[in-house]
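The values are calculated or read from the model by the stated rules, or taken from the named source; none is laboratory data. The structure displayed is predicted, hence computed values, not measured ones. Don't worry about glycine lacking a Cβ; one is built from the backbone with ideal geometry, like all the others, and counts go over all protein chains shown.
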Amino acid sequence: MSNYALAIHGGAGTILKSLMTAEKEAQYKAGLQEALEAGEKILKANGSALDAVEAAVRALENNPLFNAGKGAVFTNDGKNELDASIMRGDTLEAGAVAGVKNVKNPISLARAVMEKSEHVLMCGAGAEQFAKSINTEFADDSYFFVQARFDQLQEAKKTDGVFLDHTGESNTDNKKKFGTVGAVALDKNGTIAAATSTGGMTNKKFGRAGDSPIIGAGTYANNKTCAISCTGHGEFFIRSVVAYDISCLMEYKGMTLKEACDEVVMKKLVKIGGEGGLVAIDAKGNIELPFNSEGMYRGWVKEGQAALVAIYI
């Protein structure tokens, strides 16, 4: 039997303490704590890593502070387009959805793609049709409306820019906060899993999707190596196949989890201008939470230890 472990993230980027009110910081930390508790409750009861990462991500999707599910940013046409993926490390089965609308918990739909279809990735209207066929829970537009997110869209439209979920809480705020949520876990049976969910970019057009729904880029899990959930500038994470690259460095080069994460996040990504971070866990329960940005909403817990949450460097 393994000792369980769980790590989560709620986005990375330019997250400065100087721009964060004490009240807002407390809200973010409470949201991370709630997600950790949702996942750990399952692991404590000898539940699966897959159930744990889904539960943790659902908690973050239900929290309007994070850019996923209810708190998703707006596209150029004022919609919320949601992406998510999930993977289990024992069988290498995976499921993902991209560009779906009005799905309350995209991570659960991604799991349904994995378990109730012969496919891995479904997109747009087709994914929504599949969701309805299996009675997935939908919510109307008002559920996803968060005023701060809508204000971000209006600001973005002034310059026709595509913003990476900047908070809009300060006029001096840098427009680089990468809004994605995710979780990785190891259960008592020694299986690992990973899950990621996002609302993408403010003012995005043309059905853009980032790394979050791409297996191997934003999400990956393999019991031989590790489970990874990424958050950052998705285009760079896709080009670098970040999640799978870390697994490969461990499998083929014999690197430790820390060595592989540092190589990819702190060196390879930096060289091409890729900013962000990830949460990672290996089959021994080692946890790494590397990021090359100025902050990352993150939390982690190991069996028998107190849960911890952090935001800044």
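Each row is one residue, and each column tells you yes or no for (1) hydroxyl-bearing (Ser, Thr, Tyr); (2) at pLDDT 95 or above; (3) in a helix (DSSP H, G or I); (4) closer than 25 Å to residue 3 by Cβ.
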{"position": "244", "(1), (2), (3), (4)": "yes, yes, yes, no"}
{"position": "247", "(1), (2), (3), (4)": "yes, yes, yes, yes"}
{"position": "255", "(1), (2), (3), (4)": "no, yes, no, yes"}
{"position": "267", "(1), (2), (3), (4)": "no, yes, yes, no"}
{"position": "271", "(1), (2), (3), (4)": "no, yes, yes, no"}
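Would you be able to tell me the number of residues in region 100-143 that are within 16 Å of residue 198 (Cα to Cα), of a type in the set (Val, Ile, Thr) and in a helix (DSSP H, G or I)?
1
For region 75-107, give me each residue that is hydroxyl-bearing (Ser, Thr, Tyr) and either over 16 Å from residue 127 (Cβ atoms) or surrounded by fewer than 24 Cβ atoms within 10 Å (Cβ to Cβ) (or both).
First pass over region 75-107, keeping only residues hydroxyl-bearing (Ser, Thr, Tyr): 75, 85, 91.
If the condition is that a residue be hydroxyl-bearing (Ser, Thr, Tyr) and either over 16 Å from residue 127 (Cβ atoms) or surrounded by fewer than 24 Cβ atoms within 10 Å (Cβ to Cβ) (or both), then 75, 91 are the ones that fit.
What are the residues in region 82-100 that are in contact with a Lys or Arg (Cβ under 6 Å, 6 or more places away or on another chain) and within 26 Å of residue 149 (Cβ to Cβ), if any?
We begin by selecting, within region 82-100, every residue in contact with a Lys or Arg (Cβ under 6 Å, 6 or more places away or on another chain); these are 86, 95.
The answer is 86, and nothing else.
Within region 162-177, is even one residue within 26 Å of residue 35 (Cα to Cα), modelled with pLDDT of 95 or more and buried (at least 19 other Cβ atoms within 10 Å of the Cβ)?
Among the residues of region 162-177, not one is within 26 Å of residue 35 (Cα to Cα), modelled with pLDDT of 95 or more and buried (at least 19 other Cβ atoms within 10 Å of the Cβ), which makes the answer no.
Can you name the residue in region 254-298 that is farther than 21 Å from residue 221 by Cα and among the small types (Gly, Ala, Ser) and, of all such residues, is surrounded by the fewest Cβ atoms within 10 Å (Cβ to Cβ)?
273
Got a number for residues in region 177-230 being among the aromatic types (Phe, Trp, Tyr) and assigned to a strand (DSSP E or B)?
Here is the first cut: in region 177-230, the residues among the aromatic types (Phe, Trp, Tyr) are 178, 206, 220.
Cutting the leftovers down to assigned to a strand (DSSP E or B) gives us 178, 220.
Of the residues in region 177-230, 2 are among the aromatic types (Phe, Trp, Tyr) and assigned to a strand (DSSP E or B).
If you go through region 57-74, how many residues are part of a loop (DSSP other than H, G, I, E, B) and out of contact with any Leu (no Cβ under 8 Å at 6 or more places or on another chain)? Before you say what the answer is, go through the steps one by one.
Keep residues of region 57-74 that are part of a loop (DSSP other than H, G, I, E, B), which gives 62-68, 72-74.
With out of contact with any Leu (no Cβ under 8 Å at 6 or more places or on another chain) added as a condition, the list becomes 62-65, 67.
Within region 57-74, residues that are part of a loop (DSSP other than H, G, I, E, B) and out of contact with any Leu (no Cβ under 8 Å at 6 or more places or on another chain) number 5.
Any chance region 79-94 includes a residue that's in a loop (DSSP other than H, G, I, E, B), more than 23 Å from residue 50 (Cβ to Cβ) and hydroxyl-bearing (Ser, Thr, Tyr)?
no
Go through region 12-33 residue by residue and tally those that are crowded, with 17+ Cβ neighbours inside 10 Å, at pLDDT 95 or above and of a type outside the set (A, V, I, L, M).
3
Tell me which residues, restricted to region 1-49, are free of Cβ contacts under 8 Å to residues at least 40 places away in the same chain, assigned to a helix (DSSP H, G or I) and more than 16 Å from the chain's Cα centre (by Cα).
18, 22, 23, 26, 27, 30, 41, 42
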